[in-house]
Every structure is written in C-alpha cells, then in structure tokens.
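Note sheet for the following structure.
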Amino acid sequence: MQSFQPLQEKAYTALQEMIERRELEPGKIYSLTQIAKEMKISRTPLKDAVVRLSQAKYVDIIPSKGFCLHEISESDIDDTCQVRQAIENMCAMALIDSQYSSYGRVTMRQMAVILDEMKAMADQPDKVDEFLELDIRFHNALVGFLENKALEEIYASHSYQIRMLAKNSLTTNNRMQNTCDEHEAILNAITDKNYEACYHAVQKHLISTKELSLLVLKDNK
C-alpha cells in the first residue's frame with residue numbers, strides 16, 4: 001500500500017493541474033490506458049485518481065470508455081452556493097465571537113492584508129488570475145478559522161467548483177471592484193460585531209457570484 005499511494009497521488013495531482021491549466025479539451029473522452037501510458041504508470045492508480053476527481057466534479061467517468069471534463073451545470077452552481085452559504089456564514093459568526101482571541105486577530109489581519117492586495121489590482125482586468133488566487137485565500141482564511149477538519153473537507157470537496165465559478169464571475173464588468181466592496185462589508189460587519197449585517201454581507205457576496213455564474217453559463221450555451 002505504501003508503494004501504491006504515491007502513484008495515485010502523482011496521477012491525481014497531474015490530472016488536477018492539467019484540468020486547472022485547461023490543457024484537457026471539454027467534450028473529449030480521454031482513455032485511461034492512453035493517459036496511464038503518457039504518465040508511465042499503470043491503470044490502477046490512475047483509475048483511483050479519476051474516481052477521486054469525479055467525486056470533486058473535475059471529471060465525469062464514461063463506463064468502458066474513460067473520462068471527460070465535467071461541465072458545470074445550474075445544479076452545480078446551486079449546490080456550491082448552498083454549501084458556501086452554510087459554512088462561510090457559520091465561520092463568520094464564529095469569528096465575530098472570537099475576533100479578539102489570538103487566532104481571531106491573526107485571521108482578521110490576514111483577511112485585511114489579502115483585501116488590500118485585491119484592492120490594489122481591482123482595476124486591472126489583466127490581473128484576473130492573480131486576483132482570483134487572493135479571493136480564494138480570503139475565503140479559505142475565513143473557513144480555516146474554526147479549525148474544523150470535517151467542515152474544511154466538505155468545503156475542499158467543492159474547491160474546483162468554487163474556483164471556476166469565481167473565475168467566471170470575475171470576467172464580468174466591475175466584478176473585481178465589487179468583490180472588494182463585498183469582502184470589505186464582511187470584514188466591517190465582523191469588526192462591528194453586527195451579526196445581521198455580517199449574515200447579509202456574506203449572503204450578498206455569494207448570491208452575486210451565483211447569479212453572475214449563471215449568466216456566464218447561459219451565455220456560453
């Protein structure tokens with residue numbers, strides 16, 4: 001088992017990176033045998049990696065043929081938004097209660113620094129990829145505050161969907177600046193210990209991302 005696991009991880013990481021770099025073509029069916037040959041590994045660790053990637057909705061498995069890239073649907077967008085609303089609101093409320101603890105102060109400072117970096121590039125459309133990484137870090141800092149591994153695993157299982165939906169929404173007009181404004185509203189509500197304002201700020205931010213993602217999905221059909 002010890003000699004097998006690294007091969008599975010190698011296959012998983014390699015495919016994940018290929019997908020995120022958009023090196024695989026949408027709608028094309030990829031053969032496990034061919035991909036395994038290119039990676040110079042056997043089919044078994046590759047097959048296990050593909051199963052894991054399908055669970056995270058990177059790919060769809062085509063029985064007896066291979067796999068293809070998963071195409072984001074309206075249902076995916078709804079599911080991801082609901083998961084984020086549940087987890088991020090819980091974490092934001094917890095941070096309100098513990099913002100003056102040592103870890104609370106670290107988290108607040110971390111989120112504030114990230115927001116400042118985002119503001120510095122909010123008017124530069126060519127910086128979307130860098131802005132996206134900061135956006136992901138901002139939300140991961142919030143979710144990581146609770147140090148609840150079970151919640152983090154659920155959140156991580158939607159990481160690809162979260163990334164793709166955020167990237168799609170950031171391509172729309174003024175979304176980078178609006179994202180900064182919405183992040184700032186969340187931080188201000190936490191600082192003010194305003195539970196209602198915090199809840200609505202998180203909801204507004206996530207629903208905006210959802211609605212823009214739906215628009216992009218419809219435009220691409």
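The values are calculated or read from the model by the stated rules, or taken from the named source; none is laboratory data. Keep in mind the model is a prediction, meaning the values are calculated, not measured. Here the Cβ is made from the backbone with ideal geometry for all residues, glycine too, and neighbour counts use every protein chain on show.
For His200, state whether it is outside the structural domain of Arg21 (by TED's automatic domain parsing), over 30 Å from Gln55 (Cβ atoms), without any contact (Cβ under 8 Å) to a residue 40 or more places away in the chain and in a helix (DSSP H, G or I). Walk me through it before giving the result.
Numbers: outside the structural domain of Arg21 (by TED's automatic domain parsing): yes; over 30 Å from Gln55 (Cβ atoms): yes; without any contact (Cβ under 8 Å) to a residue 40 or more places away in the chain: yes; in a helix (DSSP H, G or I): yes.
So His200 fits the description; yes.
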Set Leu206, Leu217, Leu165, Leu142: member being part of a helix (DSSP H, G or I), modelled with pLDDT of 95 or more and closer than 20 Å to Asp129 by Cα: Leu206
Considering only segment 130-141, I want to know if a residue exists there that is more than 19 Å from Ile190 (Cα to Cα), without any contact (Cβ under 8 Å) to a residue 12 or more places away in the chain and either in the same structural domain as Thr179 (by TED's automatic domain parsing) or touching a Ser or Thr at 6+ places or on another chain (Cβ under 7 Å) (or both). yes
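Based on what the data block shows, is Ile154 surrounded by 15 or more Cβ atoms within 10 Å (Cβ to Cβ), touching a residue at least 60 places away in the same chain (Cβ under 8 Å) and in a helix (DSSP H, G or I)? Give the steps one after another, and end with the answer.
Working: surrounded by 15 or more Cβ atoms within 10 Å (Cβ to Cβ): no; touching a residue at least 60 places away in the same chain (Cβ under 8 Å): yes; in a helix (DSSP H, G or I): yes.
Taking the combined requirement at face value, the residue does not satisfy it.
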Test Asp181 against the stated conditions and say whether it is farther than 23 Å from Glu20 by Cβ, more than 20 Å from the chain's Cα centre (by Cα) and among the charged types (D, E, K, R). no
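Check segment 80-89 and report whether any residue there is assigned to a loop (DSSP other than H, G, I, E, B) and modelled with pLDDT of 95 or more. Even if it seems obvious, please write down each step before you answer.
So the first thing to find is which residues in segment 80-89 are assigned to a loop (DSSP other than H, G, I, E, B), and the list is none.
No; the residues of segment 80-89 include none that is assigned to a loop (DSSP other than H, G, I, E, B) and modelled with pLDDT of 95 or more.
Each row is one residue, and each column tells you yes or no for (1) outside the structural domain of Glu117 (by TED's automatic domain parsing); (2) within 30 Å of Gly27 (Cα to Cα); (3) crowded, with 17+ Cβ neighbours inside 10 Å; (4) in contact (Cβ under 8 Å) with a residue 60 or more places away in the chain.
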site: Thr172; (1), (2), (3), (4): no, yes, no, no
site: Leu187; (1), (2), (3), (4): no, no, yes, yes
site: Lys193; (1), (2), (3), (4): no, no, no, yes
site: Ile207; (1), (2), (3), (4): no, yes, no, yes
site: Lys210; (1), (2), (3), (4): no, yes, yes, yes
Out of (1) over 26 Å from Lys218 (Cβ atoms); (2) in contact (Cβ under 8 Å) with a residue 12 or more places away in the chain, the one Ser64 does not meet is (2)
Any idea how many residues of segment 38-61 are aliphatic (A, V, I, L, M) and either in a loop (DSSP other than H, G, I, E, B) or free of Cβ contacts under 8 Å to residues at least 24 places away in the same chain (or both)? 4
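Confirm whether Thr179 is among the β-branched types (Val, Ile, Thr) and modelled with pLDDT under 95.
Working: among the β-branched types (Val, Ile, Thr): yes; modelled with pLDDT under 95: no.
Against the criterion (among the β-branched types (Val, Ile, Thr) and modelled with pLDDT under 95), Thr179 does not qualify.
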Restricted to segment 20-37 and to residues being in a helix (DSSP H, G or I) and modelled with pLDDT of 90 or more, the residue surrounded by the most Cβ atoms within 10 Å (Cβ to Cβ) is Ile35
